[in-house]
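The block underneath contains the structure these notes are about, expressed in structure tokens.
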Amino acid sequence: MDRAIHRTIIIKNHLLQPNSDQILTTNACLSYSPPELNEVYDFDLKEMRKLLDGHNLQERDWLFNLMVQSKLFNPRKRGEKVYVAPDYNQTMEQQREMTMKRISYLLERNVFEGWLTAKGAEAELRKLALLEVTGIFDHSLAIKIGVHFFLWGGAIQFFGTQRHHEKWLRDTENYVVLGCFAMTELGHGSNVRGIETVTTYDANTGEFIINTPCESAQKYWIGGAANHATHTIVFSQLEINGKNQGVHAFICQIRDAAGNICPNIRIADCGHKIGLNGVDNGRIWFDNVRIPRENLLNSVADVSPDGQYLSSIKDPDQRFAAFMAPLTSGRVIIAGSSVYKAKIGLAIAIRYSLSRRAFSITPNGPEVLLLDYPSHQRRLLPLLAKSYAASCAANYLKMMYVNRTPQSNKTIHVVSSAFKAILTWHNMRTLQECREACGGQGLKTENRVGHLKGEFDVQLTFEGDNNVLMQQVLLSP
Ligand SMILES: Cc1cc2nc3c(=O)[nH]c(=O)nc-3n(C[C@H](O)[C@H](O)[C@H](O)COP(=O)(O)OP(=O)(O)OC[C@H]3O[C@@H](n4cnc5c(N)ncnc54)[C@H](O)[C@@H]3O)c2cc1C
């Protein structure tokens, strides 16, 4: 902690240096002692952390301590500190199994208590804080948890009604069922309204029939589908009496409790990715799969037992917008999570620049600290300043989200779209600069900063491609 404060002071001094001629100092190399060890600091670290983390500091520490106590999280002691980080030398299959073991460990310690059954802003903030901590450890762990609770569980909460809440939420919280979320298809990603999966209704049996009519309609990239998920939310065109009523969401079982794939379901693996290999992304085909009528998530529209389509929202555009509105939580989470990765990259690169030296400015003189080069300062410190601002922006967005009202939903949609795009772009730009600022060391997986680029690049694309989101922001009144 003290060292972190010292480093902050040093950075401040660099910024406030009155005479730029003196920036390149010539400390004797051999007598070098990091200035951070000798300087005093004049601000309260706890207050700074309160500002940056924003909420649920105790719960964050509690979860971090749970991780540190288990070998599953690879704790390593360096000096007085304990660090945890996944072993990325493992195969894709091993990483996926480790993700599930870590989830079981956290489940047994009640980390997910109330994530779907507790209500109110406080419960939501706790959940967001704990998810952020898992993401600081490993993106795969956070995404696997996020898909289960926020996409599958969130769809049931927001698209479903009481009958779905009673049947599924508690079992989801306890991992009796493992959920995934099948919206994207091979042929349609950003253009959700163009998906080709078709669902019809059989009034004789009271069942919906879900079908993948062509190869481009296969569900693609579905997190959790390749190995573990037992159930999925399926997004599909709903055709009633020959009329297309647009995209609707259904619950469908894809595996039994023993992990066997259900009849008329086909699943394939999306394979190795540039990051997130602890998540089993998969492809799903539905061959006229029959599900009960009650499995339509019917908060926006329903089908009566005799096959009549019922919705209070008559305009298909508005109906589609109502379906998409609950997906805001994903963008809020990604915006918040991306700032933490920028901070990790900057902590590593700035720390390195305060110990690494390169080139002397006088013959046989000591070499110069990287951060004493004005170019190095200009590369890293504006990104650091922007990351502080980004932290505040992410916290502002979270508060907006947990205190949402029907009147504020549209604003939250626009702000979350803009912040998700801007903060994830900032993160990738920062990680790239930090990687280069560390030279060759930035490429070593163990040093994290380069590896994080591969892990978090996907944040620019999923939960709304950044460019598409920015177009929506532009077009919003
Ligand atoms: C690792 C990973 C995990 C995922 N997990 C899930 C999951 O669990 N469930 C799920 O349903 N989906 C998931 N996805 C899918 C993800 O949501 C989609 O990849 C995303 O929506 C983008 O769709 P796309 O890949 O088809 O790209 P496209 O929509 O084809 O976009 C390709 C490019 O075209 C541009 N573009 C598209 N439309 C326009 C336009 N109108 N104007 C200008 N440019 C445009 C985009 O900006 C982008 O650069 C996942 C994806 C990945 C990579």
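Work out, step by step, the length gained on full extension between S299 and E122: first 0.36 nm times the residue separation, then minus their alpha carbon distance; give nm to one decimal.
61.3 nm
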What nm value, rounded to one decimal, do you get for the distance between N364 and K273 when each label is placed 7 Å out toward the C-beta? 5.7
Place +1 on the Cβ of every Lys and Arg and -1 on the Cβ of every Asp and Glu in segment 179-323, take the dipole about the Cα centre, and give the residue among H272, G179, A217 whose Cα lies farthest towards its positive end. H272
If you average the alpha carbon positions of segment 404-450 and of segment 48-68, how far apart do those two centres end up, in angstrom? 20
The size of the Cβ-based charge dipole (Lys, Arg +1; Asp, Glu -1) of segment 179-323 about the Cα centre, to the nearest 20 debye, is 240
May I ask you to evaluate 6.51 cos²θ - 1.76 cosθ + 1.60, the Karplus curve with θ = phi - 60°, for each residue of segment 200-207 and list the ³J(HN,Hα) values in order in whole Hz, giving x for glycine and proline? 10, 10, 10, 5, 5, 10, x, 10
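What does the extension gain come out to for C392 and S104, with contour length at 0.36 nm per residue minus their alpha carbon separation? Each step should come with its number before you reach the end.
Working: separation 288, 0.36 × 288 = 103.68 nm, distance 3.27 nm.
Answer, rounded to one decimal: 100.4 nm.
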Keeping the other protein chains in place, figure out the carbon and sulfur percent of the accessible area of the chain, with a 1.4 Å probe. 54
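With every protein chain kept in the model, how would you rank D287, D42, D317 by accessible area, 1.4 Å probe, largest at the top?
Values: D287 50, D42 120, D317 90 Å².
The ranking, largest first, comes out as D42, D317, D287.
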May I ask you to compute the full-extension gain from T205 to T161, defined as 0.36 nm times their residue separation minus their alpha-carbon distance, rounded to one decimal in nm? 13.6 nm
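Using a ≥ b ≥ c from the Cα gyration tensor of segment 56-209 (square roots of the eigenvalues), is it rounded, prolate or oblate, where a/c under 1.5 gives rounded and otherwise the larger of a/b and b/c decides, a/b for prolate?
prolate
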CD proxy at 222 nm, helix term only [per DSSP H run n ≥ 4: -39500 (n - 2.57); per residue of the chain; nearest 500]: -13500 deg cm²/dmol
Determine the distance separating the Cα centre of segment 199-274 from the Cα centre of segment 277-342; give it in Å without decimals. 12
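Charges only on Cβ, +1 for Lys and Arg, -1 for Asp and Glu: so what's the dipole of the chain about the Cα centre, in debye to the nearest 20?
Values: 52 positive and 47 negative charges, 174 e Å.
That gives the chain a dipole magnitude of about 840 debye.
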Along the positive direction of the dipole of the chain (beta-carbon charges: Lys, Arg +1; Asp, Glu -1; about the Cα centre), which of P86, A203, L238 reaches farthest? P86
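To the nearest 20 debye, what is the magnitude of the charge dipole of segment 66-148 about its Cα centre, counting +1 on the Cβ of each Lys and Arg and -1 on the Cβ of each Asp and Glu? Kindly include the intermediate steps, with their values, before the conclusion.
On the way: 13 positive and 10 negative charges, 46 e Å.
Charge dipole, segment 66-148, about its Cα centre: 220 debye, nearest 20.
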If unit charges are put on Cβ atoms (+1 for Lys and Arg, -1 for Asp and Glu) and the dipole of the chain is taken about its Cα centre, the option from P305, N409, Y105 lying farthest towards the positive end turns out to be Y105
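How do D171, D138 stack up against each other in accessible area, from largest to smallest, with a 1.4 angstrom probe?
So the residues, ranked largest to smallest area, are D171, D138.
The values are calculated or read from the model by the stated rules, or taken from the named source; none is laboratory data. Computed from a predicted structure; not experimentally measured. Here Cβ is always computed from backbone atoms with ideal geometry, including for glycine, and neighbour counts include all displayed protein chains. Accessible surface areas use protein heavy atoms only, side chains included; no ligands, DNA or RNA. Shrake-Rupley method; radii C 1.70, N 1.55, O 1.52, S 1.80 Å.
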